[in-house]
Amino acid sequence: MVTADVSSLRRELIVSLSPPQQRLKRRIEPPKSSGRVRGTVPPLIAQHLADALHAGAEVVASVMAATARQQHDEASQRILTREAGYRTAFKPHLRCETEREIPEPLFVAALLTSARLRLVPVCSEAWDANADERDRKLKAAIQEHYREQRGHVPSFGAIVGYTAVVLAGYRLDFGLRFDRNGDPVGWMQPVERLGEPILGTKQGDTRLSGFFRDTPIGILT
């Protein structure tokens, strides 16, 4: 058996794996937001790699396991960095809740953005006011929005309620629910963040995402 320095073997293995590994990664990894790396390389492939690199199968398995751990740690660090940036930039906002969480057709939401379609304009003074005054301003904004949209949002369907997102959490936020008339419903509760569809001419291309974000929504209704 030919011995080799583990770090140099790992670099060689990563370079050797790059093209097929990327294809495999797209099949087995979960959404990027999860920060987890899952999936294993089939034994036959691992054996071929060991033969091609003149290394024992145990060494190859150890190198690949170390690489997976590194990818997991790097993904976790990216999530922490992204979350810190999100909390720094966070501002309270009002959004409408709709009958569909996943837009249909998807390309309309990708071109206009989910934020453009579902966020509701509110005067900035509302967030600095006391709870009663804030709720009055939010109610007025909700009633105006519902009336202008005729109770419907392109791609997302009928409006079923509203949420005032007032606090940033970790990978989710916290908000106050309101009905379609602008009246409070229940206590503060966790709120999933709005996802943004991606649109491009090929995988990884995002140039068309948000292309019509400044287009009046009414033109589609």
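Report, ordered by the first and then the second residue, all pairs with beta carbons closer than 6 Å, sequence separation of six or more or different chains, a first member in the range 172-194 that is more than 20 Å from residue 148 (Cβ to Cβ), and a second member that is assigned to a strand (DSSP E or B) and of a type in the set (S, T, N, Q).
From residues that are more than 20 Å from residue 148 (Cβ to Cβ), the pairs are 175/163; 177/163; 191/163.
Looking only at the range 140-151, count every residue that is surrounded by fewer than 17 Cβ atoms within 10 Å (Cβ to Cβ) and either in a helix (DSSP H, G or I) or among the charged types (D, E, K, R) (or both) and tell me the total.
Summing the residues that are surrounded by fewer than 17 Cβ atoms within 10 Å (Cβ to Cβ) and either in a helix (DSSP H, G or I) or among the charged types (D, E, K, R) (or both) in the range 140-151 gives 6.
I'm trying to understand the selection: among the residues of the range 93-130, which are surrounded by 14 or more Cβ atoms within 10 Å (Cβ to Cβ), in contact with a helix residue (DSSP H, G or I) (Cβ under 9 Å, 6 or more places away or on another chain) and more than 20 Å from residue 181 (Cα to Cα)?
Of everything in the range 93-130, those that are surrounded by 14 or more Cβ atoms within 10 Å (Cβ to Cβ), in contact with a helix residue (DSSP H, G or I) (Cβ under 9 Å, 6 or more places away or on another chain) and more than 20 Å from residue 181 (Cα to Cα) turn out to be 103, 108, 109, 112, 116, 129.
Mind listing whichever residues of the range 166-188 are of a type in the set (Gly, Ala, Ser) and under 25 Å from the mean Cα position of the chain (by Cα)?
Looking only at the range 166-188, we keep the residues that are of a type in the set (Gly, Ala, Ser), and these are 168-169, 175, 182, 186.
168, 169, 175, listed by residue number.
If I filter the range 152-179 down to residues being among the hydroxyl-bearing types (Ser, Thr, Tyr) and assigned to a loop (DSSP other than H, G, I, E, B), which single residue comes out as surrounded by the most Cβ atoms within 10 Å (Cβ to Cβ)? Walk me through how you get there before you give the answer.
Let us first name the residues in the range 152-179 that are among the hydroxyl-bearing types (Ser, Thr, Tyr), namely 155, 162-163, 170.
Filter once more, keeping what is assigned to a loop (DSSP other than H, G, I, E, B): 155, 170.
Values: 155: 22, 170: 10.
In this case the residue turns out to be 155.
Looking at 126, 115 in this structure, which one is within 19 Å of residue 155 (Cα to Cα), assigned by TED's automatic domain parsing to the domain that holds residue 193 and either part of a helix (DSSP H, G or I) or among the basic types (Lys, Arg) (or both)?
Details: 126 fails: within 19 Å of residue 155 (Cα to Cα).
On inspection, the qualifying residue turns out to be 115.
Conditions (1) over 16 Å from residue 117 (Cα atoms); (2) modelled with pLDDT under 55, marked per residue:
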| position | (1), (2) |
| --- | --- |
| 155 | no, no |
| 164 | no, no |
| 178 | yes, no |
| 213 | no, yes |
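The values are calculated or read from the model by the stated rules, or taken from the named source; none is laboratory data. Remember, predicted model here, so these are calculated numbers, not experimental data. Every residue, glycine among them, receives a Cβ derived from its backbone with ideal geometry; neighbour counts consider all protein chains shown.
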